[in-house]
Each structure stands twice: as structure tokens, then as C-alpha cells.
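The values are calculated or read from the model by the stated rules, or taken from the named source; none is laboratory data. Here the structure is a predicted model, which means the values were calculated and not measured. Backbone-built Cβ (ideal geometry, glycine too); neighbour counts: all protein chains shown. Just the protein is used for accessible areas: all its heavy atoms, side chains included, with ligands, DNA and RNA removed. Shrake-Rupley method; radii C 1.70, N 1.55, O 1.52, S 1.80 Å.
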Number of protein chains: 2
Amino acid sequence: MADSSWTSSAESLKGVILDLCGVLYDSGEDGGTPIPGSVEAVKRLKASDLKLRFCTNETQASRDKFVAKLQKMGFDISVCEVFSPAPAAVAVLKDRGMRPHLLVYDGLLSEFESVDQTNPNCVVVGDAAGNFTYENLNDAFRVLIGLEKPVLFALGKGRYYKEADGLNLDVGPYMKALEYACDVEAEVIGKPSSVFFHSVLSDMGLQPHQVMMVGDDLVNDVGGAQLCGMKGLQVRTGKYRPSDQQHRSVKADGTVDDLAQAVDLLLGARAGPL
Amino acid sequence: MADSSWTSSAESLKGVILDLCGVLYDSGEDGGTPIPGSVEAVKRLKASDLKLRFCTNETQASRDKFVAKLQKMGFDISVCEVFSPAPAAVAVLKDRGMRPHLLVYDGLLSEFESVDQTNPNCVVVGDAAGNFTYENLNDAFRVLIGLEKPVLFALGKGRYYKEADGLNLDVGPYMKALEYACDVEAEVIGKPSSVFFHSVLSDMGLQPHQVMMVGDDLVNDVGGAQLCGMKGLQVRTGKYRPSDQQHRSVKADGTVDDLAQAVDLLLGARAGPL
């Protein structure tokens, strides 16, 4: 089933970055369930000579809680290996002396505890899910429109993600709503921003051409990684849709059934012909 | 205060179209209050030889209830003089045999009673205000993304409007959210759509150059009318903001303090020098 032509460059790879939701696990109200074979696949990658990092646009929980949830599912993963938008946003806000009005999920608030939030001079929007009430979006809008120069940060710009009960709107549509209402362009912190990917590469000590990104989101994972100079592999799990194959601007370097198959082919190609 | 150069073309005018909210009245939780001088101004227009129509993107109430509210405020206005998006949408839906999933304000539902809503093959989004919960927007998104060819109708595309307690998000930002989530472009029914303005002109039996639109919304009232070949006059009431004067693409033919001043200058110019 899988086109394995992408494995021809596997020998020169020195690192892999994995997306989390839709690659390692499917989310749901119960916290989510591992995708079959993914716990073992992560183990195999860790046992190989490849450097491994995890890169997520997850903004519904603090990194601590989020990683604890993955460990409970059986994944060998630690906080320092995970890159997510909120800590990156905190660094940007402090660097520029900005005080955010937060429109985020309750579980993410603790990430911003060290940032002054009085008299806001910008808005940060994350995947707030049920917190995206009319009133809350309107409050964020009023802060923005009241600023002489509205500044909007978005923690990712995903369109939607898949949960057990179906597809759910992600932060992107709400970012677009605020952009249109206030005639501004958001600064995206997280995938597919090159700044975000480069912070991961820098931590790995690798060049873009030495690293492959594996994700279920064609635009944010695959497209973002490719813009950065990495290879982008798409899995047919999570939010993958067959129509992704006909996308007008992004074409994955390869497509595989799931992470288990990706790791099989990748490590197999590196081992060389028997 | 007012630049009255626009009145030079007043003699050739044969009709006037008035926006409602922000021109005749300011909305609010109590149903709204007339803007000083506007009841009298409408009376004077009706007593003149100019044809008069009202054109609104109001989609929070059926036309019947909406006009009754205005009559109670003292306005001389009847249902057949008012053009609003919902009846126009119903006509389009029936013409194309489309069955809508409605994301609108409760008060508007009765306008769609005559339309088959089983097994939806399109989404209609209006100014749903408090009904814009995450769950409701997600439901509309799921209908759209599940269609082979998603079709989205928007009842207007306004960014925001002014109520007694401040600015509120209008339908436009939510239209943009769904457009982005499903990678579609909405068909806008209502201002600033030329189709919508032409239906009003047709009812008046007038050509665009014979008619002036008066509104508080620079893009939807003034810009929409101008694209159609009408003159567009902006009032400094409702959602008017001083920054409108520096708008990058729309420039009003004239700007006046309020409707009362517009009618004073208009009728004065038509009477000619004393």
C-alpha cells in the first residue's frame, strides 16, 4: 500500500520529529487512546541512532499534564523532548514586554502564570474549544479593537482535529474570525511557523535536511516542515483525509498507513538490504 | 462640520435607501432607541418626492417583528419597504433546491419555515450572537465538511455592530471561520452584495445613479452601494469610527453627523438656493 520511495533518503537522516495527536494517539473525552503499534514504534525509534523530538500544537493542557497523560498511555516520553506553542508564546511575550488577554482552554492557563496580564496590549488565542463562547470571543475582540495597533498571537492555525466523536474545530477558524473582525494578521506561534520548527532543530543540533517530520496534518506538519527544509511524511491516521492527496499546494514526501509502518520502513531502509 | 460637496448631485436623485441600525436607531438589550432627529428625518423623506426604501443586514428577528419594533419607536415604516437577507436567502434556497442547516438567531427561524431542512446540503449562517457557541459552530462545520461540495451562505458579512454596551461581533467573523475550516468561499446574501442592492433598485424602478444609500457601515453600506453605481453617504452614528476616513479602499461620497443632517442638506439642496 505504502509508496516507499521516500525511504531512499533514509540513510542520510539523523533525526525524526513526531506530531502527537493523530500520530501517537487519538484524542477523546477519556483523554485519548494510543494508535495501535505507536507505543512500540516510539520505543524502536528511541532505541535507534536517530534523535527524536515531539512537536505538537496541543494547547488544551499544560505540557506537564499533557506528557503525564502520554506516559500513562505507555509512551516513553519526557517534558524536555516536547515542543508546544504555549512555552514558546510565553518567551515571545516576555521578550517584547507584552501583556496578553488570554482566550485559551482552562487547562493551559497555568503556562502563562509568570506573565503580567494586567491592562492587556495583545490577545493570545489557543484551541479554547468549549471556551469559544460568543461572549468570550467578543471580549477578545473588544480588547483587540480597542488597541491603537491590535496585536494577535495564535497558538497554531489548525483547521480542525479528530476526536472520538468526530471532527472538531481547532484554533485556526477562530484566529481567522478575529483577524477579519479587526483587520489584522495574527502571528502564529507553533506549527507551521518556521521559527517554531527551527527552535526544535536547534535543540536537536541538526540541520533541516537531516530531519524528517511525521504528522497527520498535511499543511501544519508536512507543509510546515517542508517550508523549513525538512522532509515531511504523512500518516493515514488522525485527521488524514484521502482528499489530502490532491491538495493544491502541499505534497507529502511520502504517505504511510501509520507510525508503526513509518518506523518499519525507515529503520528497515537504514539497515540496508539484507 | 459636514462636507456638503456631495449635495451637488442631489437634484438628479430620485430615491434614497436607508440602512436601519446605526442610522435610524441604536440597538440594545431593550430593543434599541431612536437616534435623535431620525424619526422626523424619515417623515420628511416620505413627504418629499424621493422614493424611499430600507435595506438592512438585520438577521436577529423576522422582518415582521423587526418592523413592528421600529413602528413602536415612532418610525413610519412598513414591511414591504424593508429588504433584509433572510427572505432573499429563502428565495435562493428554493430556486436551487437546497436544504439548509441553519446557524442563526432563534428569532429568525420562522423566516425559514417554508424551506425543507431535512438532510442538509448547505449551511446558512446569520448573526447568531449568543447562539454562536462552540458546539453550534462545530455542528455547522461538520455538516459542511461532510458534503462532497460544501456550500455556505452568509446573511451579510459585517465585522461588528454597536450595541448600548459596546461593539459586538457580527456574522462576518463566523463566516470567515467556517470558510477557513472547510476551505470554501461563502456566498453572501445581503449587503454589500450587488445582487441584493439590485433587487432593491428593481423594486424602486430606478437606476443606480438615481439613488443614494445612507449608512453607518463604510464597507457594507457605502462601498456596496458604490460598487453598484449608487452614491454612498456615511453618517457619524452607529458603528462609524474616525478611522473610516482613512480606509484603504472605500471613500464615502460624503459624511454627515447623522440622518437628520443628511436629510436637511439633501432636501435643502433639492429646493435650490432661496
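When only Cα pairs under 8 Å and 6 or more residues apart are kept, what is the percent relative contact order across chain B? Don't jump to the answer; show the numbers that get you there.
Numbers: 531 pairs, mean separation 61.5, N = 274.
Relative contact order here is 22 percent.
Just the accessible area per residue of chain A, please: how many Å² with a 1.4 Å probe?
Working: 11530 Å² over 274 residues.
Spelled out: the 1.4 Å probe surface of chain A, per residue, equals 42 Å².
Taking the Cα atoms only, what angle lies between the long axis of helix B:194-204 and the longest principal axis of chain B, rounded to 10 degrees?
Rounded to the nearest ten degrees, it is 50.
Over the alpha-carbon set of the range B:38-192, work out the extent along each principal axis and list the three values in angstrom, largest first.
53, 37, 23
The range A:1-75 to the range B:120-153: how many Å between their Cα centroids?
Between the Cα centre of the range A:1-75 and that of the range B:120-153, the gap is 33 Å.
Please work out the C-alpha center-to-center distance from the range B:201-229 to the range A:163-180 and express it in whole Å.
35
How many nanometers, to one decimal and shortest first, lie between the label point of B:SER78 and those of its other copies, if labels sit 7 Å from Cα toward Cβ?
Result, one decimal in nm: 8.1.
Chain B: Rg/Rh from Cα coordinates, Kirkwood Rh?
Numbers: Rg = 18.7 Å, Rh = 19.1 Å.
We get a ratio of 0.98 for chain B.
With a 1.4 Å probe, how much accessible area is buried between chains B and A, both sides summed, in Å² to the nearest hundred?
2800
For A:LYS94, give me every one of the lysines with a C-alpha distance below 28 angstrom, ignoring sequence neighbours fewer than eight places off in its own chain.
Those lysines meeting the cut-off are A:LYS65, A:LYS149, A:LYS157, A:LYS176, A:LYS191.
Taking Cα centroids, how far is the range A:235-256 from the range B:85-107 in Å?
What the calculation gives is 34 Å, centre to centre.
Calculate I(q)/I(0) for the protein assembly as shown by the Debye formula, one identical point scatterer on each C-alpha and no solvent, and give its log10 at q = 0.05, 0.09, 0.13 Å⁻¹ to two decimals.
Log10 of I(q)/I(0), two decimals: -0.26, -0.73, -1.20.
Using a 1.4 angstrom probe on heavy atoms only, work out the carbon and sulfur share of the accessible area of the range A:14-149 in %.
Working: 2830 of 5860 Å².
Heavy-atom surface of the range A:14-149 belonging to carbon and sulfur, 1.4 Å probe: 48 percent.
Please determine, in degrees from 0 to 90 and to the nearest 10, the orientation of helix B:85-96 with respect to the longest principal axis defined by the Cα atoms of chain B, where the helix direction is its Cα long axis.
Around 50 degrees separate the two axes.
Against the longest principal axis of chain B, how steep is helix B:134-145, in degrees 0 to 90 to the nearest 10, with axes from Cα atoms?
70
Check cross-link reach from A:LYS69 to the aspartates and glutamates: straight Cα distance under 15 Å, and skip same-chain residues fewer than eight apart.
Reachable aspartates and glutamates: A:ASP26, A:GLU29, A:ASP30, A:GLU58, A:GLU81.
Find every distance from the label point of B:LYS251 to the corresponding label point in the other copies (7 Å from Cα along Cα→Cβ) and write them in nm, one decimal, shortest first.
Spelled out, the distances from B:LYS251's label point are 4.7 nm.
At A:ASP139, label 7 Å along Cα→Cβ: distances to the other copies, nm, ascending?
So the label point of A:ASP139 gives 2.4 nm to the other copies.
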